[in-house]
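The values are calculated or read from the model by the stated rules, or taken from the named source; none is laboratory data. These numbers come from a predicted model, not from an experiment. Glycine also receives a Cβ, built like all others from the backbone with ideal geometry; neighbour counts cover every protein chain displayed. Calculation scope for accessible area: heavy atoms of the full protein, side chains included, ligands and nucleic acids excluded. Shrake-Rupley method; radii C 1.70, N 1.55, O 1.52, S 1.80 Å.
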Amino acid sequence: MRRVLRNAVILCLVLVIALGTLPASAAGPQAVLKPASLKVNLADGYTLKLNASVTPAAASQEVKWKTSSEKYATVDQNGLVTFKRIGTVTISAKAIEGGTWANCKITIKDTLRPTKMILSAASKTLLLGTQYTLTAELLPAGTVGSVTYACSKAAVASVDPDGTIHAKAEGECEIRVRSTRNPSLHKTMKLKVTRYLSPSKLLITPEDKKMNVGDTLQLQAVPVPDTASDEVIWQSSNRQIATVTEDGLVTAHAAGSVRIRATSKAKKKVATVRTIKVSDPYAITSVTIPGGDQYLCTGEMKALSVKVKPATAYQNVTWESSDPSAVSVSDTGVITANRDGVSLITATGANGVTKGSITVTAYTATGVTIAPEHTTPNTESAISANLKKIDDVRLSAYQELDRLVAAGRLTAQEAAARRNILISAFADAAFPWYTEQKVKYWNKHGAFFKTDRVYYGVPYTQGKGGDNPGSKRRFNIAKLLSGGHFVKSGDIYRAVNKTGKMTDVTYCGSDCSAFVSMCIWGTKSSYSYMKSGAILHSTIYSTIDKADLKPGDLLVKNGHVVLFLYYTGEAKHQMMIVEQGGGSEPNTVAIRLRNTSYYNVYKARRRRSFQQ
């Protein structure tokens, strides 16, 4: 028996070995399906033809097909796959004569498949017999937007294919909306059908809240929802101010504030109120004198205007001056400056109560014609007297600005900006200082600052570096002190004579163009680097007529620039200017009285942002 079993085992091994050595074709036909995996998009279609071949080629090429899940896709015996939904499915092919199944794994997606639905209403109440069209927005945009509608209770309501709902009987139901492209995407709107609808609130239209005496205004109460009853009761809180009819017509009778109330007849708790302000168009509410406080030179006249509000009120006013000897005013509002002084000019409305007033200052414009000294002895009296001269020139320049404002040739805003320029200029000019040892001027002409004199104004230098941001030419008083170039010594300043500070051409100060530019633009602007040639041609300035020069304007030529202060007389033969250096000793910020002809070769220029 053992021998028989042993022989059987040996025979089996021989057969296995023999079969393993047979050629591949001897194993039978085999279906081949390529590719082994696919990705399809239902946006491109719902069918796809697969092709399978059989090896060896001599074998029958007929195959049979199957799908792993008919829920996702079916396949006919010609290899035509029909997709039903997104997901993953395996389509297999097998030779009809035998062999194993060849597989193609297919991933199904759909870029036209919506993933979100928004209904035009989450809930709705309809009156019996009415209808409403429910719409559905499918997202993202570009997806297939068809939906189906269904009603949970056909006896209560019906719904058309386009979403139109018909209210058939009292009751509640649901309207169900489902995407045809993505059946798993659906939304529900709750519907209530009723015979009679009370408003949840009332709105009053139009939205007018102001009326004039004698006007009428038709109001309407709009219920929410708009299918609710619109029957209301109208009431006025003050029939002396305004009345309202049962149809909502309001008539204004007197100035004041009144509350118009609308109450729903269907539901007394639902009401709304419109507060209306009734005005008398002829009643004066305010009187103002445009332009604000005024400044006039003695002998100067100016016509004032007046604004009475509202425009429908009587516009005539009565003018009055608190001190006619200083400033008088005519019946038409023309003021005249008679002598130095201040007067309150008042315009009173036709009602005799409402008033507007301004302050008018009359002054004598006498521009100082004496320029201060550039250097004095180092005594308290000499220093004080010269600083007083500088201050007199400063006040004259300020007065000129006030005069131009009063004459209407300058706005108050521009006058304030020009005053800031003058403040910077006079700060550098009213700078008394001395040195304890001789210091050579920047120009190397053999001139020295002396130890027995007091100098006025920041010293002149062009330093080294030209217009480079690191140049030493852009120094004002604050920088001179913070840099240790000068120190306060009593009421004046002492130069610190160290190497690189107040020595030869490297001492710290500024030149003519740096001085003017810093006064106009400050120390942080790139414009404060400009030299006279650039100032002469730059578009940040405009060229003007010399006769129109105002405090803070410029006179410039290649090589030098000065700041104009004022003309000393109506003939404009002389002018007061302030400059840095100017080619004459002692080369500091100096105030000078010049004949106008001195500047014949100069151009008059003005900061372009100023009034032209």
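Per-structure values
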item	result
Test: Leu197 is within 28 Å of Ala271 (Cα to Cα), touching a strand residue (DSSP E or B) at 6+ places or on another chain (Cβ under 7 Å), assigned to a loop (DSSP other than H, G, I, E, B) and not polar (S, T, N, Q)	yes
Any hit, segment 108-128, residues being open to solvent by 30 Å² or more (accessible area, probe 1.4 Å), closer than 30 Å to Val63 by Cβ and in contact with a strand residue (DSSP E or B) (Cβ under 8 Å, 6 or more places away or on another chain)	yes
Residue pairs meeting the criteria (Cβ under 6 Å; at least 6 apart or on separate chains; first without any contact (Cβ under 8 Å) to a residue 60 or more places away in the chain and farther than 19 Å from Thr133 by Cβ, in segment 171-185; second part of a loop (DSSP other than H, G, I, E, B) and open to solvent by less than 20 Å² (accessible area, probe 1.4 Å))	Gly171/Val156
Where Leu48 falls short, out of the listed (1) open to solvent by 80 Å² or more (accessible area, probe 1.4 Å); (2) of a type in the set (A, V, I, L, M); (3) under 60 Å from the mean Cα position of the chain (by Cα)	(1)
Failed criterion for Val250 (all others in (1) under 43 Å from the mean Cα position of the chain (by Cα); (2) modelled with pLDDT under 95; (3) surrounded by 16 or more Cβ atoms within 10 Å (Cβ to Cβ) hold)	(2)
Subset tally (residues that are open to solvent by 60 Å² or more (accessible area, probe 1.4 Å) and either touching a strand residue (DSSP E or B) at 6+ places or on another chain (Cβ under 6 Å) or under 30 Å from Leu202 (Cα atoms) (or both)) for segment 291-318	8
Any hit, segment 273-286, residues being small (Gly, Ala, Ser), touching a strand residue (DSSP E or B) at 6+ places or on another chain (Cβ under 6 Å) and either surrounded by fewer than 15 Cβ atoms within 10 Å (Cβ to Cβ) or at pLDDT 95 or above (or both)	yes
Hits in segment 200-242 (condition: within 22 Å of Tyr132 (Cα to Cα), open to solvent by less than 30 Å² (accessible area, probe 1.4 Å) and not in a strand (DSSP E or B))	Ala228, Ser229
Ala95 open to solvent by 60 Å² or more (accessible area, probe 1.4 Å), farther than 30 Å from Pro199 by Cβ and either touching a residue at least 40 places away in the same chain (Cβ under 8 Å) or in contact with a strand residue (DSSP E or B) (Cβ under 8 Å, 6 or more places away or on another chain) (or both)	no
Residues of segment 140-180 classified as open to solvent by 50 Å² or more (accessible area, probe 1.4 Å), over 20 Å from Lys192 (Cα atoms) and outside any loop (DSSP other than H, G, I, E, B), total	2
Subset of segment 531-572 (residues that are open to solvent by 40 Å² or more (accessible area, probe 1.4 Å) and without any contact (Cβ under 8 Å) to a residue 24 or more places away in the chain)	Ala534, His537, Glu570, Ala571
Residue list for segment 587-598, restricted to those being under 22 Å from Ser396 (Cα atoms) and crowded, with 20+ Cβ neighbours inside 10 Å	Thr588, Val589, Ala590, Ile591
